[in-house]
Every structure is written in structure tokens, then in C-alpha cells.
1. Considering 275, 285, which residue is within 17 Å of the chain's Cα centre (by Cα), touching a residue at least 40 places away in the same chain (Cβ under 8 Å) and at positive phi?
2. State all residues of region 171-187 that are of a type in the set (Val, Ile, Thr) and more than 6 Å from the ligand (Cβ to nearest atom); if no residue qualifies, say none.
3. Can you find a residue that is out of contact with any strand residue (DSSP E or B) (no Cβ under 9 Å at 6 or more places or on another chain), in contact (Cβ under 8 Å) with a residue 40 or more places away in the chain and surrounded by fewer than 22 Cβ atoms within 10 Å (Cβ to Cβ) anywhere in region 170-187?
4. Looking at 85, 68, 80, 98 in this structure, which one is open to solvent by less than 20 Å² (accessible area, probe 1.4 Å), touching a helix residue (DSSP H, G or I) at 6+ places or on another chain (Cβ under 8 Å) and over 14 Å from residue 144 (Cβ atoms)?
5. With the condition kept exactly as written, say whether any residue in region 125-143 is closer than 21 Å to residue 196 by Cα and surrounded by fewer than 16 Cβ atoms within 10 Å (Cβ to Cβ).
6. Condition first: farther than 20 Å from residue 257 by Cβ, within 13 Å of the ligand (Cβ to nearest atom), in a helix (DSSP H, G or I) and in contact with a helix residue (DSSP H, G or I) (Cβ under 6 Å, 6 or more places away or on another chain). Can you find one or more residues in region 132-143 that meet it?
7. Looking only at region 255-286, which residues are within 9 Å of the ligand (Cβ to nearest atom) and either open to solvent by 20 Å² or more (accessible area, probe 1.4 Å) or of a type in the set (D, E, K, R) (or both)?
8. Filter region 192-218 for residues that are within 12 Å of the ligand (Cβ to nearest atom) and among the hydrophobic types (A, V, I, L, M, F, W, C); which is most open to solvent (accessible area, probe 1.4 Å)?
Amino acid sequence: MQDTLVLNQAFIQPLPFLQNFHTTVDVLRLDVLHPVISGNKWFKLKRYIEEARVQNKKALLTFGGAFSNHIAATAAACASYGLGSIGIIRGEPGTTPSHTLTAAAELGMNLYFVDRATYRAKQIPCEVYARFSDADLLIVNEGGYGKPGCRGAADILSVCDTSAYTHIFAACGTGTTLAGLIEGSQHHQQVCGVSVLKNHDGLENDLRPLLQEKTKPFALYHDYHFGGYAKHKPELFRFMNELYRSCAIPTDFVYTAKLFFALQDIISHGGLPTGSKVLVIHSGGLQGNGSLPQGTLIF
Ligand SMILES: *Cc1c(COP(=O)(O)O)cnc(C)c1O
């Protein structure tokens with residue numbers, strides 16, 4: 001049993017193809033941290049893991065869909081720390097389990113499939129209690145949503161020196177990471193979130209309660225979801241391949257491809273002031289590309 005997690009070093013990389021509109025753009029490469037617990041997921045999980053260890057919990061229990069990066073990361077992080085992990089998965093097991101769930105199960109995660117209504121109610125199936133008591137479990141919201149997730153994500157901006165940037169861009173699912181970035185940012189910095197869900201009008205209301213400092217401004221973009229969560233179009237794959245060809249930056253089709261696409265669109269339409277210095281958070285998630293047909297991407 002290990003009790004630690006070895007992470008690779010994150011780094012900052014310039015993005016040359018967006019530099020010509022009087023703006024500089026750099027990428028914080030959190031995707032390189034770990035093959036499974038990549039990007040923002042470790043930051044969101046670390047306070048929960050700490051809490052579980054301090055309270056002598058036996059396992060983390062959390063929720064997600066069949067392609068969830070959060071499920072994959074929770075399975076891997078718990079395995080590294082000798083904690084059990086339980087995933088409550090939305091929907092039927094299906095005949096061929098997703099690549100994400102196969103990997104999670106191999107890491108020792110106990111998977112329970114529940115129908116959509118049960119999932120929505122965040123009910124815990126009684127089979128779980130055949131093996132664990134309430135006191136054994138630390139329950140983590142879907143996507144790591146919550147104050148511990150937000151506080152962990154606030155550390156993202158201290159991984160490297162990020163003080164010179166005027167704008168910080170990140171992809172938003174639950175908004176927990178964005179809330180952490182807002183908390184961790186400095187007063188001269190504007191944090192900008194690109195939502196990957198369609199009509200996620202509740203995003204702002206979801207992330208506000210996580211913030212300690214209520215007055216820091218932030219911006220949300222809602223028009224770059226490509227049809228909705230995990231939806232895509234050929235244009236998105238073309239963009240991903242082009243980005244990889246020009247800068248050797250791999251992106252995932254659910255989050256970071258939409259983020260980079262949004263940024264390019266915003267900058268090329270003059271959406272940021274001249275002289276802006278942008279930091280894009282590459283939040284990882286590359287394991288999710290495993291669900292695409294072979295040959296879709298060049299990386
Ligand atoms: C989960 C995830 C996000 C979204 O994070 P939230 O904190 O839920 O907003 C962004 N990017 C990637 C790659 C992710 O896996």
C-alpha cells in the first residue's frame with residue numbers, strides 16, 4: 001500500500017498562434033501531472049483525501065457518469081493513498097463498459113449503477129452498506145463540488161508564478177475549479193470560465209456559495225458548448241488536430257478543446273483589451289478521448 005502520490009511537474013508554455021492580436025497567451029499544463037489524475041482533478045480531490053485520512057475513513061464515495069474524469073481520478077487517487085473508492089454511476093452497466101469505468105474498476109473502485117432518478121436524488125444503493133457503514137465513508141459530491149474542492153483548486157495558481165497575467169481562462173463543468181481560481185487569483189486578474197454545458201444558467205448560482213471573497217469579479221461564457229456536455233462537431237476535432245499540429249498541445253473533446261476554441265474566437269473578435277496577458281488552464285481530461293473512434297484525433 002502506498003500512501004503518497006507522485007506527480008509530474010506542471011509548466012507554462014506559450015501559445016504562439018494566438019499572440020498576434022496584441023495579446024499574449026500562455027498555457028498552464030496541468031494535463032502532464034499524472035496520466036489519470038490529471039489537470040484540475042487532483043486539486044479538487046486533495047482536501048477530501050486529507051479529510052478522509054484524518055477522520056480514518058475507509059473509502060471515498062462519489063458520483064459520476066460512465067465517462068467521468070472525476071470518477072477516474074477518484075479511483076486512482078484513492079488507490080495511491082490506500083483508501084477504498086466507490087463510484088455511483090448514472091445509467092446501465094451496458095455490454096461494453098466505458099474505457100473510464102474499466103480503468104476505475106482495475107484501480108479497485110467498487111462501481112454501482114443506478115437509474116437516472118436514483119442518481120438525481122443522489123441516493124446511495126443499499127448494497128454499499130453491506131460492505132461499509134456510514135462512518136466508514138466520506139461522501140464527495142459529483143465533480144468534487146464543494147468548499148474543499150474549491151479550496152484545493154485555489155492552489156492551481158501557485159503551481160507556477162502566475163502573478164503577471166491579466167486574465168485566467170478555464171473550462172467549467174460544476175464551476176468548482178473556477179471558484180477556486182477566483183479565490184486564488186489576485187486583484188488585478190480577471191477569471192473567465194467557458195461553460196461546456198448547454199444552458200447552464202445555474203452555473204453562477206452554483207459557484208457563488210463556494211466563494212469566500214464575494215466581491216471579486218469574474219466572467220462566464222456560455223456559447224461554446226458545441227451542442228452540450230460531451231457533444232461535438234467535426235469542426236471541434238479539426239480544431240483539436242490543428243492545435244496539436246501547431247503547438248503539440250493535446251486537448252480533450254469534452255472540456256479543454258472547447259476552452260481553447262472559445263479563447264481563439266474571443267481573441268480574434270477583439271473580446272479582450274489590447275495588452276492582455278492570458279493564462280489558459282489546461283485542466284487535463286485526456287483520458288476521455290479514449291471513448292472516440294480510432295483515427296478521430298492525430299494524437
Ligand atoms: C472536470 C473537468 C473540468 C471541470 O471542472 P469543474 O470544477 O467541475 O468546473 C474541466 N476540465 C477538465 C479536463 C475536467 O476533467
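1. Answer to the selection: 285.
2. 182
3. no
4. Checking each option against the conditions leaves just 98.
5. Within region 125-143 (the criterion being closer than 21 Å to residue 196 by Cα and surrounded by fewer than 16 Cβ atoms within 10 Å (Cβ to Cβ)), the answer is no, since none of the residues qualifies.
6. No, every residue in region 132-143 fails to be farther than 20 Å from residue 257 by Cβ, within 13 Å of the ligand (Cβ to nearest atom), in a helix (DSSP H, G or I) and in contact with a helix residue (DSSP H, G or I) (Cβ under 6 Å, 6 or more places away or on another chain).
7. 255, 286
8. Per the stated criteria, the residue is 197.
The values are calculated or read from the model by the stated rules, or taken from the named source; none is laboratory data. Owing to the predicted nature of the structure, the values given are computational and were not obtained by experimental measurement. Here Cβ is always computed from backbone atoms with ideal geometry, including for glycine, and neighbour counts include all displayed protein chains. Keep in mind that these areas ignore ligands, DNA and RNA; they rest on the heavy atoms of the full protein, side chains included. Shrake-Rupley method; radii C 1.70, N 1.55, O 1.52, S 1.80 Å.
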